[in-house]
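The values are calculated or read from the model by the stated rules, or taken from the named source; none is laboratory data. Because the structure is a prediction, the values reported are computed rather than measured. Glycine also receives a Cβ, built like all others from the backbone with ideal geometry; neighbour counts cover every protein chain displayed.
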């Protein structure tokens with residue numbers, strides 16, 4: 001399972017309501033899945049839980065059909081209620097130990113952990129993977145803070161046994177460097193959600209990642 | 001159980017971060033419990049899930065010790081993780097049927113339902129009680145809308161078998177009228193949270209409610 005999970009975390013497409021004029025999150029997400037995205041994370045920071053639930057229901061059907069994973073950001077209850085594969089929580093969200101307590105076996109929990117210390121704590125509390133970032137400068141998250149670079153990815157990856165996913169400012173040009181630093185995969189927002197062609201952008205992002213993750 | 005639940009819903013003290021200068025929510029909540037409040041609802045609209053979880057953990061210990069119920073507003077995951085008695089969801093929150101799916105037997109679900117139609121839908125989806133309001137004009141909820149009056153409480157109470165709780169602008173002076181209209185109880189925010197003496201305010205609110213609810 002660990003090798004399989006690692007493989008499916010090589011690219012997480014994180015949704016963003018800001019996905020271009022006249023485009024809907026569900027349509028862009030579907031294009032990403034057609035492009036081969038092995039995982040989606042539904043992130044709706046300013047939406048109500050009801051709206052998040054409605055979109056999560058649509059996406060869980062899409063990801064299941066595509067054989068991809070669906071994570072719901074922050075709202076563990078929504079993730080559980082719609083039957084998503086997991087949830088992603090930040091340091092201000094439900095603590096991972098608390099989330100683990102209410103989740104059934106096999107439910108995946110990702111945790112944002114910017115330092116080796118936070119990553120080790122998340123692993124000890126039961127996280128299945130940690131996200132570290134922003135690796136590069138990003139415009140997608142207003143509160144993301146300064147870029148931590150691939151050196152930080154390497155330090156976090158060395159600190160834990162669970163997979164590490166780099167996030168923040170990831171592009172087709174720099175994605176491979178994040179894996180070289182020790183990450184199992186990358187998470188992207190703008191590189192797919194605001195791409196002119198989300199399907200092609202997903203394929204292009206995956207191309208340089210596949211050979212590396214084949215190492216298992 | 002239904003009669004017992006109805007009895008414990010006769011006064012729900014809803015927390016508010018705006019609880020007076022130099023006062024903390026946990027302290028005011030404790031005073032309300034000492035004053036006999038049979039139920040608390042933790043409501044933290046602008047807080048992170050982590051902050052809500054931390055305060056919920058404190059309050060669940062307090063309510064258990066006092067033999068009172070603890071509901072968590074909106075965050076069903078937090079309620080489940082801390083072992084609260086239930087959650088209260090609005091029409092924009094996790095749908096009650098979705099919440100019911102992830103909650104263990106006996107977990108209580110309250111739903112805001114301003115009309116007989118919404119109340120019947122909530123009952124059909126598995127709600128244990130409905131909240132209706134704002135009964136009177138209130139300053140505690142910026143988005144509460146126009147007052148619906150006790151006539152609406154009566155109509156909602158006539159439409160469902162589950163208990164109805166009136167909320168919005170409830171004071172010591174008008175609480176009994178809400179029960180006369182058919183409610184099992186009232187929920188208050190400012191009348192306790194911003195009272196000079198929350199302990200005395202709770203006792204005063206309960207006094208006119210007890211004889212009525214003794215009808216069972």
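For this structure, a couple of remarks:
- Among the candidates B:142, B:103, the residue that is more than 16 Å from the chain's Cα centre (by Cα) and modelled with pLDDT under 95 is uniquely B:142.
Residue-wise test of (1) more than 14 Å from chain A (Cβ to nearest Cβ); (2) over 16 Å from the mean Cα position of the chain (by Cα).
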{"position": "B:73", "(1), (2)": "no, no"}
{"position": "B:82", "(1), (2)": "no, yes"}
{"position": "B:85", "(1), (2)": "yes, no"}
{"position": "B:94", "(1), (2)": "no, yes"}
{"position": "B:109", "(1), (2)": "no, no"}
{"position": "B:138", "(1), (2)": "yes, no"}
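- When residue A:36 is tested against the conditions (1) surrounded by fewer than 20 Cβ atoms within 10 Å (Cβ to Cβ); (2) at pLDDT 95 or above; (3) within 16 Å of the chain's Cα centre (by Cα); (4) within 14 Å of chain B (Cβ to nearest Cβ), the lone failure is (4).
- Inspection of region A:133-143 identifies no residue that is free of Cβ contacts under 8 Å to residues at least 40 places away in the same chain, touching a helix residue (DSSP H, G or I) at 6+ places or on another chain (Cβ under 9 Å), surrounded by 16 or more Cβ atoms within 10 Å (Cβ to Cβ) and assigned to a helix (DSSP H, G or I).
- Positions within region A:179-190 being crowded, with 19+ Cβ neighbours inside 10 Å and either in contact with a helix residue (DSSP H, G or I) (Cβ under 6 Å, 6 or more places away or on another chain) or more than 21 Å from residue A:71 (Cα to Cα) (or both), in sequence order: A:179, A:181, A:183, A:184, A:186
- Residues of region B:3-26 satisfying the condition of being over 15 Å from residue B:190 (Cα atoms) and without any contact (Cβ under 8 Å) to a residue 24 or more places away in the chain: B:4, B:22
- Scanning region B:75-92 for residues that are under 19 Å from residue A:44 (Cα atoms), surrounded by fewer than 24 Cβ atoms within 10 Å (Cβ to Cβ) and touching a residue at least 12 places away in the same chain (Cβ under 8 Å) turns up B:90, B:91.
- Of the candidates B:214, B:195, B:200, B:175, the single residue that is over 16 Å from residue B:19 (Cβ atoms) and at pLDDT 95 or above is B:175.
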